[in-house]
Amino acid sequence: MPETTPRGLTGLAFGGDYNPEQWPESVWREDVRLMREAGVTLVSVGIFSWALLEPSPGAYDFGWLDRVLDLLHENGVRVDLGTPTVVPPAWFYRAHPDALPVTARGERLAFGSRGAICHSNADYRAAAVDITTRLAERYGDHPALAMWHVHNEYGVPVSACYCDSCAAHFRRWLARAYGTVDAVNEAWGTAFWGQRYASFEEIDPPRLTPTVGNPAQALDYRRFADATMRENFTAERDVLHRLSPGIPVTTNFMTALSQCDSVDYWAWGREVDLVTNDHYLITDGRRTHVNLAMAADLTRSVAGGAPWLLLEHSTSGVNWQPRNPAKAPGQMARNSLAHVARGSEGALFFQWRQSRRGAEKFHSAMVPHGGTDTRVWREVVELGASVGSLASLRGTRTEADVAVLWDWHSWWAQNLDWRPSEDHDARERADAFYEALYDRHLTVDFAHPEADLSGHPLVVVPALYLMTRAAGDNLRAYVENGGTLVVSYFSGIVDEHDAVHEGPHPGALRDVLGLTVEEFSPLPAGGRVRLTGPGGAELDADVWTEFVVPRGAETVWTYADGLTAGHPAVTRHRLGGGTAWYVSTRLDAEGLDALLGRAAEDTPLAPRADLPRDVEVVRRTGESGTFLFAINHTATDAEVPLGTAGTELLTGGRAAGRLAVPAGAVRVVRLDG
Ligand code: GLA
Ligand code: ZN
């Protein structure tokens, strides 16, 4: 059985992507000296090195990598060794131009950046397995080897290819999934617009069409593209398991939707030995620590709650957003330790030494262009010491209060064309509900709609347009057994083929919510509505309204104006031992807080009114004890009540009663007992 933690690490992982091939060997000595100074324990090597390892077909040059691995080993740095299959060399494409991916418009992309791969291409597949085999044979039992890093960020920059090999592969995939072409016709509803197929041979990828194409075909193509990448991952993984037994194999995920939306990480989480993630702050004016927490919670959830590892984030600014601000002093440590609080067994960065050449030279690194007499370097060294002091929390798990349902298939379906309103954005709703829970100091587990939800007193469904019957039944059983469910509008509408569930909306959820939706009535651009509720309390909403017909549910808030005036806006349905809430419009932050406050009263969750806003409090617990993280994202000193006294691990002091968390600081208390 492969291990599930990096081999040979005794504490948490600290380090980053190390690309020594970009530097003369004289710099390598300096690198390892600085790595020791910073407390680096793990680096990722060789992710983009294929052209250097195999300079011409079948001719290998492993000498430089031997020297890198030996040097790291001599200096006590463990290695996360990449398979370089995200960048086949130029010579490979000269021989196999068909391995370059083709867009839906029919343009073939060129060599010269990275990730130019058609995952159906047989020559690519053979070459990827071959270079992986060579690496595993040579380094499979190297003493520096801690884990294998397959490929890089499957799903970006190319999420799907539309070439002829993919067309053939798609037909085989469909034949396996459906058996007969008639089953495809039925599932895709090809009676519409005369799209019927007489044989699999007639089916193509959803290439550019004159107007909107078949939505179920587009949805299946996303599933196919995801499954095809996974086939290539598992082919490499199996080679590594065979030739490098015991060593865990991972591939770096990007669970933040804004960074990769084409991969079903529920499925991938089951294939890796250790879940790893890359996360970059999206600096679009919103609270970046909230989008970080959400990505970290989602990563832990795809790991099934088990510890995972943050394989990349940035010490300061990135270089690929429209504007790339530097991180504020202390922000890097808050970011890194927030990931650790939410289950990461360490913190690694892209990248160790900032490049002088190439597309990423303006991306921050652990060793910046400015060298070691810089704020970034000093903070890196300080963070290395902090991470080093947290070794005892290895193997503990983050405690969560609430489950939020999440499903990439629903996300894909939701984003198909021709919906009731382009202003409705499933991602925005997921973010908004997450933020409302964050502001109530509730820690979130994400869950697949068909997963066992019984451990969570509150389950939130932000916008889950696609929901199978099985998922609907699951939610019904959850509520009947005493759970509290909160569902936002445009959820439970279609089945797995993007077909509207039979009968009134929301087909998968009618019973559990005790209502039907007669019509959607999205608002014009900029339109707003008011809701009146308990004790005359008013709420504000926009984007979406509905004509809701209660069929067992009670009305809690009512539309006060607009086309739906007088109709129910928010309802509550008691079913068995539990309660199901429904909100049929887009509430703002205040409205979501009011709604969640009411729903929380139906649960045993205690309000955390004693915790200041933007002071993040999260607990990890396990055999080695309970660890309370307090992260102060504000510019004001704060205090966090401690139920139990303990030892503060970053400063070494004792903590009891009220824990002082200075402005911008992080505290980690190992509670006594
Ligand atoms: C991704 C890649 C890295 C690097 C960073 C930059 O996560 O895996 O190679 O390009 O982005 O932010
Ligand atoms: Zn292709």
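Take the residues of segment 136-188 that are hydrophobic (A, V, I, L, M, F, W, C) and touching a strand residue (DSSP E or B) at 6+ places or on another chain (Cβ under 6 Å): which is farthest from ligand 1 (Cβ to nearest atom)?
The initial filter retains those residues of segment 136-188 that are hydrophobic (A, V, I, L, M, F, W, C), namely 136, 144-148, 150, 156, 158, 160-161, 163, 166-168, 170, 173-175, 177, 181, 183-184, 187-188.
This time we only want the ones that are touching a strand residue (DSSP E or B) at 6+ places or on another chain (Cβ under 6 Å), so: 144-148, 150, 161, 163.
Details: 144: 21, 145: 20, 146: 18, 147: 16, 148: 16, 150: 13, 161: 20, 163: 25 Å.
That would be 163.
Between 265, 221, 280, which is of a type in the set (Phe, Trp, Tyr), away from ligand 2 (no atom under 16 Å from the Cβ) and within 30 Å of residue 167 (Cα to Cα)? Full working, then the answer.
Details: 221 fails: away from ligand 2 (no atom under 16 Å from the Cβ); 280 fails: within 30 Å of residue 167 (Cα to Cα).
Just a single option satisfies the conditions, and that option is 265.
Within the set of pairs 6+ apart or on separate chains, which have a first residue in segment 309-321 that is closer than 19 Å to residue 146 by Cβ and within 16 Å of ligand 2 (Cβ to nearest atom), a second that is open to solvent by 10 Å² or more (accessible area, probe 1.4 Å) and of a type in the set (A, V, I, L, M, F, W, C), and C-beta atoms under 6 Å apart?
none
Does residue 127 fit the bill of being more than 16 Å from ligand 2 (Cβ to nearest atom) and at pLDDT 95 or above?
Values: more than 16 Å from ligand 2 (Cβ to nearest atom): no; at pLDDT 95 or above: yes.
Judged against the criteria, residue 127 is not a match.
So residue 342 fits all but one of (1) open to solvent by 30 Å² or more (accessible area, probe 1.4 Å); (2) among the charged types (D, E, K, R); (3) more than 17 Å from residue 81 (Cα to Cα); what number is the exception?
(1)
Considering each of 363, 369 in turn, give the residue that is more than 24 Å from residue 289 (Cβ to Cβ) and not assigned by TED's automatic domain parsing to the domain that holds residue 434.
Details: 363 fails: more than 24 Å from residue 289 (Cβ to Cβ).
The conditions single out 369.
Condition test on residue 403, is it at pLDDT 95 or above, among the hydrophobic types (A, V, I, L, M, F, W, C) and over 15 Å from the mean Cα position of the chain (by Cα)?
Details: at pLDDT 95 or above: yes; among the hydrophobic types (A, V, I, L, M, F, W, C): yes; over 15 Å from the mean Cα position of the chain (by Cα): yes.
It is true that residue 403 is at pLDDT 95 or above, among the hydrophobic types (A, V, I, L, M, F, W, C) and over 15 Å from the mean Cα position of the chain (by Cα).
Which residues, taken from segment 132-180, are in a loop (DSSP other than H, G, I, E, B), open to solvent by 40 Å² or more (accessible area, probe 1.4 Å) and within 13 Å of ligand 2 (Cβ to nearest atom)? Let's see the steps before the verdict.
As a first pass, look at segment 132-180 and keep what is in a loop (DSSP other than H, G, I, E, B): 140-144, 151-163, 179-180.
Filter again for open to solvent by 40 Å² or more (accessible area, probe 1.4 Å), leaving 141, 143, 156-157, 159, 162, 179-180.
Selection gives 159, 162.
Give me the strands (runs of 3 or more DSSP E) completely within segment 482-580, filtered to those with at least 1 residues that are among the charged types (D, E, K, R), ordered by residue number.
Values: elements: 484-488, 515-520, 528-532, 538-542, 546-550, 554-559, 568-575.
Filter on segment 482-580 gives 515-520, 528-532, 538-542, 546-550, 554-559, 568-575.
Could you tell me which of the residues 231, 271 is assigned by TED's automatic domain parsing to the domain that holds residue 152, among the charged types (D, E, K, R) and within 16 Å of ligand 2 (Cβ to nearest atom)? Let's see the steps before the verdict.
Working: 271 fails: within 16 Å of ligand 2 (Cβ to nearest atom).
Exactly one residue qualifies, and that residue is 231.
Within segment 97-113, restricting attention to residues that are under 19 Å from residue 49 (Cα atoms) and surrounded by 16 or more Cβ atoms within 10 Å (Cβ to Cβ), which residue is farthest from ligand 2 (Cβ to nearest atom)?
Once the filter is applied, the top-ranked residue is 111.
Of 543, 549, which residue is open to solvent by less than 20 Å² (accessible area, probe 1.4 Å) and over 18 Å from residue 480 (Cβ atoms)? So that I can check it myself, show each step before the final result.
Details: 549 fails: open to solvent by less than 20 Å² (accessible area, probe 1.4 Å).
Step by step, each of 543, 549 is checked, and only 543 is open to solvent by less than 20 Å² (accessible area, probe 1.4 Å) and over 18 Å from residue 480 (Cβ atoms).
So, in segment 223-264, exactly how many residues are touching a Pro at 6+ places or on another chain (Cβ under 9 Å), open to solvent by 10 Å² or more (accessible area, probe 1.4 Å) and part of a loop (DSSP other than H, G, I, E, B)?
The number of residues fulfilling the criteria is 2.
With the condition being out of contact with any Pro (no Cβ under 8 Å at 6 or more places or on another chain) and either over 22 Å from residue 310 (Cβ atoms) or of a type outside the set (Val, Ile, Thr) (or both), I'd like the strands (runs of 3 or more DSSP E) fully within segment 387-474 carrying at least 2 qualifying residues. If you could, list the steps in order and put the result at the bottom.
Numbers: elements: 402-405, 444-447, 458-461.
The strands (runs of 3 or more DSSP E) meeting that bar are 444-447, 458-461.
Of the conditions (1) in contact with a Phe, Trp or Tyr (Cβ under 7 Å, 6 or more places away or on another chain); (2) more than 16 Å from ligand 2 (Cβ to nearest atom); (3) free of Cβ contacts under 8 Å to residues at least 60 places away in the same chain, residue 58 satisfies every one except a single condition; which number is it?
Unmet for residue 58, out of (1) in contact with a Phe, Trp or Tyr (Cβ under 7 Å, 6 or more places away or on another chain); (2) more than 16 Å from ligand 2 (Cβ to nearest atom); (3) free of Cβ contacts under 8 Å to residues at least 60 places away in the same chain: (1).
Going through 261, 273, 220 one at a time, which residue ends up being within 29 Å of residue 127 (Cβ to Cβ) and modelled with pLDDT under 95?
Numbers: 273 fails: modelled with pLDDT under 95; 220 fails: modelled with pLDDT under 95.
The unique qualifying residue is 261.
From 293, 216, 227, 235, grab the single residue that is within 15 Å of the chain's Cα centre (by Cα) and of a type in the set (Gly, Ala, Ser). Break it down stepwise before answering.
Working: 216 fails: within 15 Å of the chain's Cα centre (by Cα); 227 fails: within 15 Å of the chain's Cα centre (by Cα); 235 fails: within 15 Å of the chain's Cα centre (by Cα).
Answer to the selection: 293.
Can you tell me which residue among 87, 43 is of a type outside the set (Ser, Thr, Tyr), more than 27 Å from residue 120 (Cβ to Cβ), touching a Phe, Trp or Tyr at 6+ places or on another chain (Cβ under 6 Å) and within 16 Å of ligand 1 (Cβ to nearest atom)? Quick ask: steps written out before the conclusion?
Working: 87 fails: more than 27 Å from residue 120 (Cβ to Cβ).
Within the list 87, 43, the selection yields 43.
The values are calculated or read from the model by the stated rules, or taken from the named source; none is laboratory data. Please read these numbers as outputs of a predicted model, since none were measured by experiment. Positions of Cβ are generated from backbone atoms using ideal geometry, with glycine treated the same way; all protein chains shown enter the neighbour counts. Surface areas here come from the heavy atoms of the whole protein model, side chains and all, with no ligands, DNA or RNA. Shrake-Rupley method; radii C 1.70, N 1.55, O 1.52, S 1.80 Å.
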